[in-house]
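Encoded as structure tokens, the structure appears first; notes follow it.
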Amino acid sequence: MGDEIKGFCLERSQRIYPNSSESVTANTAVVNMKLPKLKEGEILAKTLYTGICGSDNSASLGKPNFDWVQRPRVIGHEFSAEVLELGPGNHGDLKVGDIFTPLAMLGCRDEDCPACSVAKWNLCPEKQIIGFHRDGGFGQQVILESDRVVTLMEGLTPEQGALVEPLSIITNALYNKCNIQPGQDVIVSGCGIIGLMSAEVARASGARVLVTGIAQDRDVRLKKAKDRGFIILEVSPENSLTEQLKKDVRDNQGVPFGHKGKVDLLIECSGVPQVLSEAISVVRPEGDICVIATYPKDVDINATHLTRTSLNMRGSMGSCRKDYMAAQKLMLTGSFPADEYIDFYDFKDITRAFEESIKAKNVKAVVKMNP
């Protein structure tokens, strides 16, 4: 473990605005790394493919909702890797050469913890997120706890393995937090990869899906949504979702979408406070709003309207092991076509990958971490 390896490191926390003259990657750098000796329960792995998450972008831009991340930090929590070495302790059936993806969140594992006692580490108040609390998958090698390891199912490639974690967030949100039903009309607000994954899983559940985006998304992410057969709407303050739904929005077969401007379910993936504020005005009485995004500031909600329409609004935080298993099954069965969404980059181009991800010039950037 004395060999030098490289990693993509978050170094500063300066607030960067994507449309300013400053480089959107000014807070980051490619660095040389030296890994320490393995501790009890840890393994050494070679990272294979690592995906750029919206939270990685937010941390790189110094957004306030990620100011808790310590710097310097090698980021990355969506990745596949190969076990190189097992440290001291019992690692169960895990062996050198296994290909896996890690659980992004590791709980305290105390039997008295309400979350950890039911295997929901994602809800543990003391959870540790790889790539934020300890160095993660944008290092060419990584040390992590073997308890995080989720071995890839037979038939999944390492490339697909990099998308298991984000897809597991969707399986948790849609199957555990939403009352999604066949035949429903569903809006996904935001067309980043979490939004596009939500759209695919909602459609696989029998729903009809509309995906929203902004002008910046028109040529890449909204185009991908349209190519995949979803209804799309470009929204703006001047042309809001609410106003467009009041008009005659139809699906690709010409069938009206929604009823009198209302839908059954809205899945909020944009992270834009105004979008969440608007969400309750487009969902039918006793309909559902599922919030997957996080926000850079507090969000104003018309709570009286929420009460009078008996809406169900639920947040969904991360995922746990069973959600990872469900996500892998969705890929294996083709219910989520991972290969449709991946834009590959070599590690030497990692800074460009982040730039293009932040500027919405790719759908899902996945970096090949080693030659």
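The values are calculated or read from the model by the stated rules, or taken from the named source; none is laboratory data. Predicted model, so just to flag it, every value in this text is computed and none were measured. In this analysis, Cβ positions are derived from the backbone assuming ideal geometry, glycine residues included, and neighbour counts consider all displayed protein chains. Ligands, DNA and RNA are excluded from the accessible area calculation, which covers all protein heavy atoms including side chains. Shrake-Rupley method; radii C 1.70, N 1.55, O 1.52, S 1.80 Å.
Once you keep just the Cα pairs under 8 angstrom separated by 6 or more residues, what percentage relative contact order results for region 1-49? Mind showing how you got there, number by number?
Working: 44 pairs, mean separation 22.0, N = 49.
Reported relative contact order: 45 percent.
Within region 268-345, report the trypsin sites (Lys or Arg not before Pro) that DSSP leaves as loop and that have at most 12 other Cβ atoms within 10 Å. Intermediate results must be reported in sequence, preceding the final value.
Details: sites: LYS297, ARG308, ARG314, ARG321, LYS322, LYS329; in loops: LYS297.
Those that pass, being in a loop and sparsely packed, are LYS297.
Pairs of alpha carbons in region 245-294 separated by more than 13 Å make up 59% of all such pairs.
At 15 angstrom or more along the helix axis (alpha-carbon based) and mean Kyte-Doolittle of -1.0 or higher, what helices does the chain contain? Whole DSSP H runs only.
Numbers: long enough: 193-204 (16 Å, 1.26); 321-332 (17 Å, -0.47).
The answer, listed by residue number, is 193-204, 321-332.
With 33 Å as the cut-off, how large is the P(r) tail for the chain, expressed as percent of Cα-Cα pairs? Before the final figure, lay out each step's value.
Numbers: 19537 of 68635 pairs.
Distances greater than 33 Å cover 28 percent of the Cα pairs.
On average over all directions, what projected area in square nanometres does region 1-53 have, based on the convex hull of its Cα atoms?
Values: hull surface 21.7 nm².
That works out to 5.4 nm², a quarter of the Cα hull's surface.
Taken over the C-alpha atoms, region 321-371 has Rg and Dmax values of 13.4, 35 angstrom. Among the trypsin sites (Lys or Arg not before Pro) within region 14-91, those in coil by DSSP and having at most 16 neighbouring Cβ atoms inside 10 Å are ARG15, LYS34, LYS37, LYS39. Across bins of 10 angstrom width beginning at 0, how are the C-alpha pair distances of region 173-322 distributed, in whole percent? Taking every Cα pair in region 173-322, the percentages come to 11, 45, 37, 6, 0.
With a cut-off of 8 Å between alpha carbons and a minimum separation of six or more residues, what is the relative contact order of the chain in percent?
Details: 832 pairs, mean separation 66.5, N = 371.
The value is 18 percent.
Ordering SER23, SER60 by accessible surface, largest first, gives SER23, SER60; the 1.4 Å probe counts only protein heavy atoms, with every chain in place. Among 141-152, 275-286, 235-246, the peptide with the highest mean count of other Cβ atoms within 10 Å heads the list, and the full ranking is 141-152, 275-286, 235-246. Its alpha carbons considered, region 1-110 gives a radius of gyration followed by a Dmax of 16.3, 51 Å.
From largest to smallest, what semi-axes in whole angstrom does region 74-132 give when each is the square root of 5 times an eigenvalue of its alpha carbon gyration tensor? Before the final figure, lay out the partial values.
Numbers: eigenvalues 108, 50, 18 Å².
Semi-axes, largest first: 23, 16, 9 Å.
Of THR351, THR101, THR333, the residue with the largest accessible area leads and the full order is THR333, THR351, THR101 (1.4 Å probe). Whole-percent P(r), region 260-371, all Cα pairs, 5 Å bins from 0: 2, 10, 13, 14, 16, 16, 14, 8, 4, 2, 1, 0. Could you pull out the pairs from LYS46/LYS361; LYS127/LYS322; LYS39/LYS63 whose alpha carbons sit more than 22 Å apart here? Exceeds cut-off: LYS46/LYS361; LYS39/LYS63. By the rule of a C-alpha distance below 15 Å, with chain neighbours fewer than 8 residues away ignored, the aspartates and glutamates paired with LYS368 are GLU78, GLU82, GLU159, ASP339, ASP343, ASP346, ASP349.
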